[in-house]
Amino acid sequence: MANLAISNVCNLNCPYCFAAAYMSQTIGTARPFITIEAFTQRLDFLERSHISQVRLIGGEPTLHPQFTTLVQLARQRGFTVLVFTHGLVRARPLTCLTTLSPDDCMVLVNMNATRSGSVPDAAETAQREAVIRQLGSRALLGFNIYRPQFNLEPLLALIQKANCHPAIRLGLAQPILDGANVYLHPKQYPAVGRQLAQFARRAAADGVRLEFDCGFVRCMFSDEELALLQEAGADVAWRCNPILDISLDERAIHCFPLTGRVETAVAAQDAPTLRQQLIVQTQVYRRAGIYRECSFCPHKRQGTPPGACTGGCLAQTMRRFRHQNLRFVLPAPTVGQGCQPALLGEIR
């Protein structure tokens with residue numbers, strides 16, 4: 001997969017925004033939106049990468065003055081469309097999206113995006129819900145968890161009322177390396193895990209599935225909680241890999257939290273080649289994880305999914321070592337395991 005940034009501006013100000021550093025780099029630039037010519041080149045990139053879905057991100061992608069044209073160009077070339085939005089969508093782009101078949105278009109709506117404060121106000125909530133009702137089954141509700149206490153119950157009611165896609169996409173707010181945002185500290189993860197396990201059962205009773213985005217770790221759940229999630233049919237995964245966020249200036253960024261730190265030029269390359277370049281840049285950190293114990297964790301040593309844990313968000317891991325010298329040691333092997341180098345450090 002690859003995400004195409006088509007807008008470097010957003011009219012909201014979420015406290016946890018992981019794209020804040022990326023957008024701050026473009027303040028005052030002449031081109032806050034992608035050009036038609038550049039977007040056509042992005043579609044060429046997807047085709048040579050054998051990627052069939054156009055994933056539109058920002059900023060807020062629906063603010064692009066030619067949003068309708070971009071979507072039409074993607075559809076004319078046979079791509080399906082996924083739009084990441086805060087949900088406060090204006091009439092023209094909303095009409096564009098609602099004319100597409102749900103098989104051809106999905107809209108991931110960030111339900112706790114806000115202009116100010118910690119939660120959406122009444123006007124934002126009402127406007128977002130009105131948009132979701134029009135989107136209907138094209139709408140997939142998303143929620144970014146950035147505090148240990150949160151309430152997902154209203155999303156279940158809205159899914160039923162608006163006939164949304166029967167799932168909730170969950171993200172953990174992660175730190176950006178070159179800026180300041182609100183995010184969950186890894187020490188808060190187990191409290192989040194307990195709530196999600198209980199909510200999964202409630203969601204399953206309504207026919208709604210929980211889907212995990214990147215950054216989750218195996219150890220934030222007890223064995224009993226993990227069994228609850230599996231029984232509820234949740235999409236449980238411990239992902240952290242190069243998503244490829246393609247910027248307006250043709251940089252392939254590992255993911256927005258790592259803007260300016262882990263990126264490479266797109267040029268005429270394809271997605272697998274770019275992804276491998278970014279993997280090489282980050283491999284020294286991959287030996288570690290968000291906790292010190294990750295270096296010795298059997299779930300992380302499994303190496304590949306399913307079941308294996310990546311050790312959490314790479315941005316969290318890199319913050320562990322920001323003011324420390326990296327050094328490798330060989331831990332004492334356990335029975336049946338060979339020696340593997342481990343990266344030591346203390347979590348902040």
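Every number in this text was worked out from the coordinates using simple rules, so none of it is lab data. Fair warning: this is a prediction, and the values are worked out from it, not measured in the lab. So basically every Cβ, Gly included, is an ideal-geometry build from the backbone, and we count neighbours across all protein chains shown.
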List every residue whose amide H lies under 5 Å from the amide H of residue 237, counting only residues 5 or more places away in sequence or on a different chain, with H placed 1.01 Å from N in the peptide plane. 212
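Relative contact order of region 24-109, please, whole-number percent, based on alpha carbon pairs below 8 angstrom and at least 6 residues apart.
Numbers: 76 pairs, mean separation 23.4, N = 86.
Over region 24-109, the number comes to 27 percent.
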Value at 222 nm in deg cm²/dmol, rounded to 500, when DSSP H runs of n ≥ 4 in the chain each add -39,500 (n - 2.57): -9500 deg cm²/dmol
Show me, for region 230-241, the HN-Hα J-couplings you get by feeding each phi into the Karplus relation (A = 6.51, B = -1.76, C = 1.60, θ = phi - 60°), rounded to Hz, glycine and proline as x. 5, 5, 7, x, 5, 7, 8, 7, 10, 8, 6, 8
Evaluated at q = 0.08, 0.09, 0.13 Å⁻¹: base-10 log I(q)/I(0), Debye formula over Cα of the chain: -0.39, -0.50, -1.07
Quick one: what Rg and Dmax do you get for region 101-164 from the alpha carbons, in Å? 12.1, 37
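Of the DSSP beta bridges with both residues in the chain, give the percent that are antiparallel, rounding to the nearest 5. Intermediate results must be reported in sequence, preceding the final value.
Details: 8 of 36 bridges.
Just about 20 percent of them are antiparallel.
Compute the signed sum of charges (Lys and Arg +1, Asp and Glu -1) over the other residues within less than 14 Å, Cβ to Cβ, of residue 10. Can you show the working numbers first?
Values: positive: 90, 115; negative: 60, 124.
Net local charge, residue 10 excluded: 0.
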Bins of 5 Å from zero: percent of alpha-carbon pairs in region 1-63: 4, 17, 25, 23, 16, 11, 4, 0
The local net charge around residue 280, scoring Lys/Arg +1 and Asp/Glu -1 for residues other than residue 280 whose Cβ lies under 15 Å from its Cβ, equals +3
Could you list which residues have their amide H under 5 Å from that of residue 3, counting only those 5 or more apart in sequence or on another chain, with H placed in the peptide plane? 245, 246
Helix 153-162: inclination vs the chain longest Cα principal axis, degrees, rounded to 10, gives 30
Over the alpha carbons of region 188-235, what is the largest minus smallest coordinate on each principal axis, giving the biggest first in Å? 27, 21, 15
Once the piece of chain linking residue 222 and residue 201 is laid out straight, how much longer is it, given 0.36 nm per residue of separation minus the C-alpha distance between them? 6.0 nm
Rounded to 10°, Cα long-axis angle of helix 36-48 versus longest principal axis of the chain: 50
Least to most buried among 182, 217, by other C-beta atoms within 10 Å and fewest first, runs 182, 217
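Can you sort 45, 212 so the residue with the fewest Cβ neighbours within 10 Å comes first? The partial results should precede the final answer.
Details: 45 23, 212 18.
With the fewest neighbours first, 45, 212 line up as 212, 45.
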So how far apart, in nm, are the two label points at residue 187 and residue 293 if each is 7 Å from Cα heading toward Cβ? 1.5
